[in-house]
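In what follows, a single structure is set out as structure tokens and then discussed.
The values are calculated or read from the model by the stated rules, or taken from the named source; none is laboratory data. Everything numeric in this text was worked out from a predicted model, so none of it was measured. Note: ideal-geometry Cβ built from the backbone for every residue, glycine included; neighbour counts use all protein chains shown.
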């Protein structure tokens, strides 16, 4: 068992100090860099909080679409490479169920990434 604060909490504490204490004291030419660092910290916090759930779901969906055994050695990167090659080759165009699965997969990946990188945009889109 890890002690508190955990990784996400440590990042939040550091980000809060950066935004509330350091950013106001920085010269104007350094504020943009500090805001970029704060944004990166926020993304890292959300990734830590979300864990591997989105990637596990993506791997499962890719495995289902590609007919691959996801319990074996097929990494998410390998599955995505196979998926991209299949898209370029038009392998998923002939079947309505494949087209629907591709749509669900791409929507899932896009929403998962937006949820971590830009949740405010995602909230506005709803």
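To keep it simple, each residue is scored yes or no on (1) under 27 Å from residue 6 (Cα atoms); (2) at pLDDT below 95; (3) touching a helix residue (DSSP H, G or I) at 6+ places or on another chain (Cβ under 7 Å).
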position	(1), (2), (3)
28	no, no, no
66	no, yes, yes
105	no, no, yes
112	yes, yes, yes
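Screening 69, 100, 78 for residues that are closer than 26 Å to residue 121 by Cα and assigned by TED's automatic domain parsing to the domain that holds residue 115 leaves exactly one candidate, 100.
Filtered by the rule that a residue be at positive phi and over 19 Å from the mean Cα position of the chain (by Cα), region 41-78 gives a lone residue, 67. A count restricted to region 71-90 and to residues that are modelled with pLDDT under 95 and more than 21 Å from residue 110 (Cα to Cα) stands at 4. Here residue 62 fulfils each of the conditions (1) surrounded by 11 or more Cβ atoms within 10 Å (Cβ to Cβ); (2) in a helix (DSSP H, G or I); (3) at pLDDT below 90 apart from (3).
Selection of region 86-126 for residues being part of a helix (DSSP H, G or I) and surrounded by fewer than 11 Cβ atoms within 10 Å (Cβ to Cβ) yields 88, 89, 96, 97, 107, 120, 121, 123, 124, 125.
The set of residues from region 76-85 being under 28 Å from residue 45 (Cα atoms) and surrounded by 11 or more Cβ atoms within 10 Å (Cβ to Cβ) comprises 76, 78, 79, 80, 81. Among the residues making up region 1-35, those that are over 19 Å from residue 51 (Cα atoms) and either touching a residue at least 24 places away in the same chain (Cβ under 8 Å) or in contact with a strand residue (DSSP E or B) (Cβ under 7 Å, 6 or more places away or on another chain) (or both) are 14, 15.
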